[in-house]
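One structure is given here, and the rest of the page talks about it.
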Amino acid sequence: MDTQLTFSTEQSRWQAVVDNNQQADGHFFYAVKTTGIFCRPSCPSRLPHQDNIEFFNSSSAAMEAGYRPCKKCQPLSLSADEHNHEKVITACRLIESSDEPISLADLAAKVNLSPHYFHRLFKRIVGITPKQYGAGHTSKCFRDHLEDGQSVTEAIYAAGYSSSSRAYDNENDRLAMTPTTYKNGGRGTTITYGFAECFLGWIVVAATSRGVCSVEIGESPEKLAAVLRQRFPRAILQESDDNFVDLLGRVVKSIEEPGTINDIPIDIKGSAFQQQVWRMLRRLKPGETASYSEIAARLGKPRAGRAVANACSANPVAVIIPCHRVIAKDGSLSGYRWEAWRKRLLLEREEKKNR
Ligand SMILES: [Zn+2]
C-alpha cells in the first residue's frame, strides 16, 4: 500500500502533521516531548519542533508512555470509524432484542444514517446484511458460526475495533465458551438479583443457578435495575429471596475486604480472548497492579494492550474480576467503567490492607 496513504513512515507522518491532514487521523498520534501532550495529526495547535515529537500507533500507547490527551483535538474521542462501529453495534442490539423483524429504514433511522449507507456499512463490518443477521440470529446455521450462540456484538467487541467480520474464522479469536444466559439476552433464564450498599455506592448482584452473571455499581437501586433489564431483556428477572442473602453478603464482603473471598461462582460470557484476560486479572492480588500492556505481554500478545483495555471495559462482574487493578503504564489510573473515583477508592483500600 502507498505509504502516503497509510502514514507508516516517519516522514509521511511528519508531513501529515505539518499539513494538519485529517485523513491521517486514526492512523497514528503524535506526542510532544516538551509539553507531555499528544494529538491527532489534524490538531490545529502550533506546530511543534520536529525533534520534539514522537509517534504512536494508538492513543492508548501514547497514554501508556505517559502523555496526556490534548484538549483541542481530543484524541480520545471516537474517530469516524469507531463511531461507525458503535452504530453497527447499536443496530445489532436492536435486532437481537426485538421479537419482530425491524425494517432497514427503521434501523437506519435509529442510528441516524441513510438506509443505503447503513446497509453497506453493516455488511462491511458484520459480514452479512442486517436482514440476514436478523434471520440468522436464531437459526442453527448462524449459531454454528458463532459457537454457542454468542452474539455478533460480542464478537465485534472481542475483535476490538478491527475487521470484526473476521472474528468468525480467525483461530485465535474462536468463541469457544460454554452456553450461558447471555445468549439471546437471557431468554427463558431466571436471573435472581439483589441490591446492597457498600463503600462504592449501591451495587446490584445478579445470578443464574450457575453463578453470578452481573455485578454493577451505581447511584441508586432504580438505576441499577434499569441496567439489568437492558442487559438481560429476555430473562425472567426476579428480586432476591432469602437464599440470595448469603451470596449478596459474600459479594459485598469481597468488595469491602479485598482478598478475603475468592470462591464466588461466576457465570459469564465472553470471547476466548476476553476470558483469557479476565482469568489473568483474577490472578492479580489485592494491592497488586499491572498495566494494560503488561497483561497483554503475559498473555503472549505484547501488542494487544488496546484489546486488553477493551476486555477490561467489558467486564460484567465489577470487582469480582478486578479490572480496577489494571492501570496505565505511567501509574495513572486511566479509565474505569464504574467511574475513576471508585477505582481510586478500591486501590487505596487494597494498598492500606497490604501495609
Ligand atoms: Zn491537539
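Values quoted throughout were computed directly from the atomic coordinates according to the rules given, and no laboratory measurement underlies them. Keep in mind it's a predicted model, so treat the numbers as computed, not measured. Note that each Cβ is placed from the backbone with ideal geometry, even for glycine, and that neighbours are counted across all protein chains shown.
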Sequence-distant lysines (8 or more away, or on other chains) whose Cα lies within less than 25 Å of residue 223 = 87, 110, 183, 253, 269, 343
For region 272-354, state what percent of all Cα-Cα pairs lands in each successive 5 Å bin, counting from 0 Å until the bin that includes the largest distance.
-> 3, 16, 30, 28, 16, 6, 1
Of the beta bridges DSSP finds with both residues in region 183-256, what % are antiparallel, to the nearest 5?
-> 75 percent
Is the shape of region 183-256 best called rounded, prolate or oblate, per the rule: a/c under 1.5 gives rounded, else a/b larger than b/c gives prolate, else oblate, with a ≥ b ≥ c the square roots of the Cα gyration tensor eigenvalues?
-> oblate
Region 37-110: Cα Rg divided by the 2.2 N^0.38 Å rule of thumb | 1.64
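In what order do 191, 295, 102, 203 fall by count of nearby beta-carbon atoms within 10 Å, going from fewest to most?
The order, fewest Cβ neighbours first, is 102, 191, 203, 295.
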Quick note, region 241-280: a/c under 1.5 would make it rounded; otherwise a/b > b/c is prolate and the rest oblate (a ≥ b ≥ c, C-alpha gyration tensor); here it is oblate
Give a residue-ordered list of calculated ³J(HN,Hα) values for region 68-77 (Karplus: 6.51 cos²θ - 1.76 cosθ + 1.60, θ = phi - 60°; whole Hz; x for Gly, Pro).
-> 9, x, 5, 6, 6, 9, 6, x, 8, 6
For region 1-61, average projected area of the Cα convex hull in nm² = 3.8 nm²
Sorted peptide list for 56-66, 220-230, 310-320, criterion being average Cβ within 10 angstrom, highest first | 310-320, 56-66, 220-230
